[in-house]
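Q: Have a look at this one.
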Amino acid sequence: MKIYFISFCVIFFIFFGCVDKNAKDDVLTTAQLNHSEDYYLKKIQSLDTIPFSKREDFLQKILTDFDDISNKDTIQIYNIIKSIHFSNINNRDSVILHLNRIKGKNEIKVLEFLYRYKYETYGSDKISYQKIDSLYRILHIAENHNSKFTHLLYDELARAYFQNEDSEKALEYTKLYFENTPFKNNEKVMQRYFDIRVIIAIRLENLDEMLTYMDKARELAFHLNDTIAIARAYDYKSQYFMKTNQFSKSVKAAQRSFAFHKKTNLLSNAVYHNLAFSFLKDKQPDSAIYYLNAGQKFLKENDIPSDISGYYRLLKDVYLFKKDYETVVKIHDTLLNLTHVNQIKVKNDKIAELELKLKTEKKDNDIKVLIETNSLNQQVILQQKWLLIIGGLILIVISVLIYNTYSKKLLKEKNEKLEIDKKRYLLEQKARQSQLNPHFIYNAITNMQGLIMTDKKMEANVYLVALSKYIRDVLELNRQEFVNLDDKINAIENYLKLQQMRYENVFDYKININIQSEDLLIPPMIVQPFIENSIEHGFKNIEHKGLLEIDIEERENQLYIKILDNGSGKGVDSITGKKSLSRIITQERFDLIFNQDGKRNAFFEARPFNENDVSGYIVEIFLPIIKS
């Protein structure tokens, strides 16, 4: 009866109380924060007032509020802040990762659109019709809900129209931005607004407005001691003198601007270009050529991409002034080639824009059809409500059957897992027993006793330290499912030194590590059985000095371990006449740890080796690369 009651409750909530799981998780998790969502929205809103160089520290401080929340990736406001953070450091892949996690409404929806739009239009020379249309759509939503971020959408529209060379529209939305920003009295916001008004006035050739906002921008720049803004102010002054045909003053202002840019490490190709243009207008063509070429050299030295057509156009004007018509013809041919390439690109962009426009119009029509269809569906749903309730009752019975079947399946899987765990523990126990070999311990103690009896106290002490370290390594490292590769290499090296003392240096060894091993993990008790076989069997009854080489490297995206000896070439199989227990245990452990999906993810190969007059035995082990 209890199962039937629970099933009925589930059906009831399915039909009458569905709740968005993601929204629920977000509410519960946000409740763990010390501040409300509105608090963080205001923090994001205030970014306009913070210098770009300090924004990253500001964002990092906000993100510390989320450090102790386990499922913070489900919080909408957290993903917005992370998107802004990665946008600041130009990590575009991470920006889109966090934006794709956002499924919010109202303010969150506006912010998600805003930063996705910035992501998609980054580096674009022109903004497509589709993008501007999408800006208007979200602006309509923001205005209807009195969004805190409506002014940022006005700002993006102003930028889009300016990039598309519609300066009148750019001016209209720049004014709307400043009228609607809650920070119009903030000096950083005012500085930015004055600069934009100067740039638009230059484009519209409105000299009175240019002079007005140029003076405001310069005065505020010096007040704030903003080096970048001061550099722009010098440049505005040069352009103003240029517009008013005061060319000698324009050159002096441009030279001051250039010197200030150079002093503050703010040089750019535009600074070189403006100075060259000022020299040309002042009838100093050689100086113009010098700074044009210096600008191109600056671009190459700093590996900065640029549209080279502007350089050739101004260079052509300089040589026209010099009446060097032969050079003018060469430059003109170069410009024609560049123009042809650009025309093809513009043509393709226009075709793509028209295609997007048609798709957008089709999408609008589809939305209208969907709305009408949805209205009809609502009526059908209302009529079918009782049918769904009856279906729900039937579903109760089916749910009980599924529950019983699923419970049995879970119980079976649990038993299988317990059986696998039991088998793994038995294999690990066998591996430990094979590694902590009583025969080996007995021989080691006997050797140490012989050293003591012959009064070789120093050698006995070294032997005792190595033996105790070996036993500690076996007991400590082998308790873990995976051990650090560096730790395992140290344990192997200690074991080899112990064996060298035991057999009075009848063999040498080399360990070659050709991989960054600090953070790599391997299962314990994998390598040592094969090393022991080489020492105990490979070097037995040989006339020459044994050499054991261990190579560790990455091969075919796997951890590759090679154990090669120059012994008799007889592995343990050939001596005992049957497969060794250590090899069987090793392969079974590989199958349990790595190969349960039926693939050969981990394996080893062992065989006699005879190559280049060197014979012996080789073992090659292939393991998945696992990092800590």
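Q: Is region 484-491 home to any residue that is at pLDDT below 85, under 21 Å from Ser628 (Cβ atoms), not in a strand (DSSP E or B) and not aromatic (Phe, Trp, Tyr)?
A: no
Q: Every residue in region 580-628 that is open to solvent by 70 Å² or more (accessible area, probe 1.4 Å) and of a type in the set (A, V, I, L, M), please.
A: Hit for region 580-628 is Leu581, nothing else.
Q: Sort out for me the helices (runs of 4 or more DSSP H) sitting completely within region 30-104 that have 2 or more residues that are in contact (Cβ under 8 Å) with a residue 40 or more places away in the chain and within 23 Å of Thr150 (Cα to Cα).
A: It comes to 37-45, 76-88.
Q: Moving to a separate point now. Under 9 Å between Cβ atoms, which residue pairs at least 6 apart in sequence (or on different chains) link something in region 505-520 that is touching a residue at least 24 places away in the same chain (Cβ under 8 Å) with a partner that is open to solvent by 50 Å² or more (accessible area, probe 1.4 Å) and assigned to a loop (DSSP other than H, G, I, E, B)?
A: Here the result reads Val506/Lys545; Phe507/Lys545; Asp508/Lys545; Ile515/Ile625; Glu518/Ser628; Asp519/Ser628; Leu520/Ile625; Leu520/Ser628, each pair linking region 505-520 to a residue that is open to solvent by 50 Å² or more (accessible area, probe 1.4 Å) and assigned to a loop (DSSP other than H, G, I, E, B).
Q: If you check Asp487, Asp508, Asp519, which single one turns out to be over 20 Å from Leu559 (Cβ atoms) and open to solvent by 40 Å² or more (accessible area, probe 1.4 Å)?
A: Only one candidate qualifies: Asp508.
Q: Sticking with this structure for a sec: So Leu564 fits all but one of (1) under 26 Å from Met448 (Cα atoms); (2) more than 36 Å from the chain's Cα centre (by Cα); what number is the exception?
A: Condition (1) is where Leu564 drops out.
Q: If you scan region 370-421, which residues turn out to be modelled with pLDDT under 75, more than 30 Å from Phe590 (Cα to Cα) and open to solvent by 100 Å² or more (accessible area, probe 1.4 Å)?
A: Leu370, Ile371, Glu372
Q: For region 105-117, give me each residue that is over 18 Å from the mean Cα position of the chain (by Cα), crowded, with 16+ Cβ neighbours inside 10 Å and either of a type in the set (Lys, Arg) or closer than 21 Å to Phe58 by Cα (or both). Spell out how you get there, then give the answer.
A: At the first step, the residues of region 105-117 found to be over 18 Å from the mean Cα position of the chain (by Cα) are 105-114, 117.
Filter again for crowded, with 16+ Cβ neighbours inside 10 Å, leaving 107-114, 117.
Correct list: Glu107, Ile108, Lys109, Leu111, Glu112, Leu114.
Q: If you don't mind, another one. Return the residue satisfying two criteria in turn: it lies in region 570-579 and is surrounded by 12 or more Cβ atoms within 10 Å (Cβ to Cβ) and either at pLDDT 90 or above or charged (D, E, K, R) (or both), and of such residues it is nearest to Ile526 (Cα to Cα).
A: Once the filter is applied, the top-ranked residue is Asp573.
Q: Does Gln284 satisfy being buried (at least 16 other Cβ atoms within 10 Å of the Cβ) and under 15 Å from Leu207 (Cβ atoms)?
A: Against the criterion (buried (at least 16 other Cβ atoms within 10 Å of the Cβ) and under 15 Å from Leu207 (Cβ atoms)), Gln284 does not qualify.
Q: Here's something else I'd like to know. When both residues are 6+ apart or on different chains and their Cβ atoms are under 8 Å apart, which pairs have a first residue that lies in region 396-415 and is on the phi < 0 side of the Ramachandran plot, and a second that is of a type in the set (Phe, Trp, Tyr) and part of a helix (DSSP H, G or I)?
A: Listed by first residue and then by second, the contacts come to Ile396/Tyr4; Ile396/Phe8; Val400/Tyr4.
Q: Would a scan of region 490-503 turn up a residue that is surrounded by fewer than 19 Cβ atoms within 10 Å (Cβ to Cβ), more than 24 Å from Lys540 (Cα to Cα) and out of contact with any strand residue (DSSP E or B) (no Cβ under 8 Å at 6 or more places or on another chain)?
A: Yes - at least one qualifying residue is present in region 490-503.
Q: Still on this structure: Checking the conditions here, which among Lys169, Lys216 is part of a helix (DSSP H, G or I), open to solvent by 80 Å² or more (accessible area, probe 1.4 Å) and either β-branched (Val, Ile, Thr) or modelled with pLDDT of 90 or more (or both)? Walk me through how you get there before you give the answer.
A: Numbers: Lys169 fails: open to solvent by 80 Å² or more (accessible area, probe 1.4 Å).
Among Lys169, Lys216, only Lys216 is part of a helix (DSSP H, G or I), open to solvent by 80 Å² or more (accessible area, probe 1.4 Å) and either β-branched (Val, Ile, Thr) or modelled with pLDDT of 90 or more (or both).
Q: Residues Ala229, Ala270, Ala253, Ala233: which one is more than 30 Å from Thr121 (Cα to Cα), open to solvent by less than 60 Å² (accessible area, probe 1.4 Å) and not β-branched (Val, Ile, Thr)? Let's see the steps before the verdict.
A: Details: Ala229 fails: more than 30 Å from Thr121 (Cα to Cα); Ala270 fails: more than 30 Å from Thr121 (Cα to Cα); Ala233 fails: more than 30 Å from Thr121 (Cα to Cα).
That would be Ala253, the only listed residue that is more than 30 Å from Thr121 (Cα to Cα), open to solvent by less than 60 Å² (accessible area, probe 1.4 Å) and not β-branched (Val, Ile, Thr).
Q: List the number of the failed condition for Ile102; all other conditions in (1) open to solvent by 70 Å² or more (accessible area, probe 1.4 Å); (2) more than 19 Å from Phe162 (Cα to Cα) hold.
A: So Ile102 meets the others, but not (1).
Q: Can you say whether Lys540 is among the charged types (D, E, K, R), in contact with a Ser or Thr (Cβ under 9 Å, 6 or more places away or on another chain) and either over 24 Å from Ile441 (Cα atoms) or surrounded by fewer than 20 Cβ atoms within 10 Å (Cβ to Cβ) (or both), as far as the supplied structure shows? Explain how you work it out, then say what you get.
A: Details: among the charged types (D, E, K, R): yes; in contact with a Ser or Thr (Cβ under 9 Å, 6 or more places away or on another chain): yes; either over 24 Å from Ile441 (Cα atoms) or surrounded by fewer than 20 Cβ atoms within 10 Å (Cβ to Cβ) (or both): yes.
Answer is yes for this residue.
Q: Here is a follow-up. What are the pairs, 6+ residues apart or on separate chains, where a residue within region 250-267 that is without any contact (Cβ under 8 Å) to a residue 24 or more places away in the chain and under 15 Å from Arg218 (Cβ atoms) has its Cβ under 9 Å from a residue that is open to solvent by less than 20 Å² (accessible area, probe 1.4 Å) and acidic (Asp, Glu)?
A: So the pair list comes out empty.
The values are calculated or read from the model by the stated rules, or taken from the named source; none is laboratory data. Small disclaimer: the values here were computed from a predicted structure and weren't measured. FYI the Cβ positions are ideal-geometry reconstructions off the backbone, even for glycines, and counts take in every protein chain you see. Heavy atoms of the whole protein, side chains included, go into the accessibility calculation; ligands, DNA and RNA do not. Shrake-Rupley method; radii C 1.70, N 1.55, O 1.52, S 1.80 Å.
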